[in-house]
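Colleague: Below are the structure tokens for one structure; questions will follow.
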């Protein structure tokens, strides 16, 4: 399989989210917020993967925007988990750094796509 930075980083991030979900549900007995985190934190990678196999440029763009929004939601749940002390600041900062890295890449991709549409 050909190397693709956003696909690879989003997969690594999704794996991290799955492991965090397992930790939160088994150790902290937190099920509601962690389930939301699991859903959006893995959905972004799934949408990226699907976008890369899109049937058209429009399909690609739509899936990338959905992934971008899912990453923003993931950030929200991570911050909330820190603010409610289910995650320590150190744990939260570490996962948030990965989240923001995926966010920056998607921001760049979606900005480029917007520029292509205008031209």
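The values are calculated or read from the model by the stated rules, or taken from the named source; none is laboratory data. On a predicted model such as this, the values are computed, not experimentally measured, just so you know. Neighbour counts are summed over all protein chains in view; Cβ atoms, including those assigned to glycine, are modelled from backbone coordinates with ideal geometry.
Colleague: Against the condition modelled with pLDDT of 95 or more, at negative phi and not in a helix (DSSP H, G or I), how does residue 75 come out, does it pass? Give the derivation first.
Modeller: Numbers: modelled with pLDDT of 95 or more: yes; at negative phi: yes; not in a helix (DSSP H, G or I): no.
Spelling it out, it is not the case that residue 75 is modelled with pLDDT of 95 or more, at negative phi and not in a helix (DSSP H, G or I).
Colleague: Is it fair to say residue 75 is out of contact with any strand residue (DSSP E or B) (no Cβ under 8 Å at 6 or more places or on another chain) and surrounded by fewer than 11 Cβ atoms within 10 Å (Cβ to Cβ)? Before the answer, list the steps.
Modeller: Numbers: out of contact with any strand residue (DSSP E or B) (no Cβ under 8 Å at 6 or more places or on another chain): yes; surrounded by fewer than 11 Cβ atoms within 10 Å (Cβ to Cβ): no.
Criteria not met by residue 75.
Colleague: Next question, about the same structure. Please work out which one of (1) without any contact (Cβ under 8 Å) to a residue 60 or more places away in the chain; (2) farther than 19 Å from residue 104 by Cα is the condition residue 20 fails and give its number.
Modeller: Going through the list (1) without any contact (Cβ under 8 Å) to a residue 60 or more places away in the chain; (2) farther than 19 Å from residue 104 by Cα, residue 20 breaks only (1).
Colleague: Test of understanding: among 59, 12, which residue is surrounded by fewer than 15 Cβ atoms within 10 Å (Cβ to Cβ), in contact (Cβ under 8 Å) with a residue 60 or more places away in the chain, in contact with a helix residue (DSSP H, G or I) (Cβ under 8 Å, 6 or more places away or on another chain) and assigned to a helix (DSSP H, G or I)? Working first, answer last.
Modeller: Working: 59 fails: in contact (Cβ under 8 Å) with a residue 60 or more places away in the chain.
From the options 59, 12, the qualifying one is 12.
Colleague: I've got another one for you. For residue 101, indicate whether it is assigned to a helix (DSSP H, G or I), in contact with a helix residue (DSSP H, G or I) (Cβ under 6 Å, 6 or more places away or on another chain), modelled with pLDDT of 95 or more and over 15 Å from residue 21 (Cβ atoms). It would help to see each step written out before you state the result.
Modeller: Numbers: assigned to a helix (DSSP H, G or I): yes; in contact with a helix residue (DSSP H, G or I) (Cβ under 6 Å, 6 or more places away or on another chain): no; modelled with pLDDT of 95 or more: yes; over 15 Å from residue 21 (Cβ atoms): yes.
No.
Colleague: Give the residues of segment 80-98 that are assigned to a helix (DSSP H, G or I) and touching a helix residue (DSSP H, G or I) at 6+ places or on another chain (Cβ under 7 Å), sorted by residue number. Spell out the reasoning first.
Modeller: Restricting attention to segment 80-98, the residues satisfying the condition of being assigned to a helix (DSSP H, G or I) are 80-83, 89-98.
Passing the criteria: 80, 81, 82, 89, 92, 95, 96, 98.
Colleague: Report yes if residue 67 is closer than 25 Å to residue 25 by Cα, surrounded by fewer than 17 Cβ atoms within 10 Å (Cβ to Cβ), in contact (Cβ under 8 Å) with a residue 12 or more places away in the chain and touching a helix residue (DSSP H, G or I) at 6+ places or on another chain (Cβ under 8 Å), otherwise no. Step through it out loud before you land on a result.
Modeller: On the way: closer than 25 Å to residue 25 by Cα: yes; surrounded by fewer than 17 Cβ atoms within 10 Å (Cβ to Cβ): no; in contact (Cβ under 8 Å) with a residue 12 or more places away in the chain: yes; touching a helix residue (DSSP H, G or I) at 6+ places or on another chain (Cβ under 8 Å): yes.
Answer is no for this residue.
Colleague: Looking for something at pLDDT 95 or above, loosely packed, with under 14 Cβ neighbours inside 10 Å and over 19 Å from residue 12 (Cα atoms) - is there at least one such residue anywhere in segment 30-42?
Modeller: Yes, that holds for at least one residue.
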